[in-house]
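The structure under discussion appears below in the form of structure tokens.
Rule-based calculations on the coordinates, nothing more; no lab input. Everything quoted here is computed from the prediction, not taken from an experiment. Every residue, glycine as well, gets a Cβ built from its backbone with ideal geometry; the counts of neighbours run over all protein chains shown.
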Amino acid sequence: MNSEKLYLSLGSNLGNKLENLLDAVRALQERVLEAPVAVSGVYQTEPVGNTAQDDFLNMLIAGEPKLSPEETLAACLAIEREMGRVRTIHWGPRIIDIDVLLYGQRQIKTETLEIPHPRMKERAFVLVPLREVDAPCFNRLQVEIPSQKVNLLFSANDVKIMLDKRDQ
């Protein structure tokens, strides 16, 4: 088994945001991550970049990867497309956004993939859930959390209960 840990950030600000996140978690569990998978709580956050849009719901999911980094990115983009994401406005509204944050200790920079994610240290909506899921990993980054609105709506236990109910 792979001993590396993959960290993915999820966000949604269109449609039923919570359902979008839960659908994405299930798809990622099936296609990208080995079980067991760690999930953060769900946070309400203000948009970054293009601020003329609804708030986001964000969370983080982590686990051992089933795929290579490039295959992981391709699977994440496929899940986004299958869920109805259309890329029209940079940093615009979206049904789902899945970002590859970290893949073990790897450092990758290609035209299509950069790991660690180049802007993760600037985003409270990434760092707060990362600290929740894996405080030692967060501490290794040696960063301060930016002062951006990040309100916990559902705890990680709440998320697990919601996911379990979907399986019944």
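Quick look at the values:
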item: Residue pairs, from the table 17/160; 109/149; 5/109; 66/121, whose Cα atoms sit over 22 Å apart; result: 109/149; 66/121
item: Ranked 108, 98, criterion: other C-beta atoms within 10 Å, fewest first; result: 108, 98
item: Label-to-label distance, nm, for residues given as residue 164 and residue 137 (7 Å Cα→Cβ offset); result: 2.3 nm
item: Calculated [θ] (222 nm, deg cm²/dmol) that DSSP helices of n ≥ 4 give over the chain, each run adding -39,500 (n - 2.57); result: -10500 deg cm²/dmol
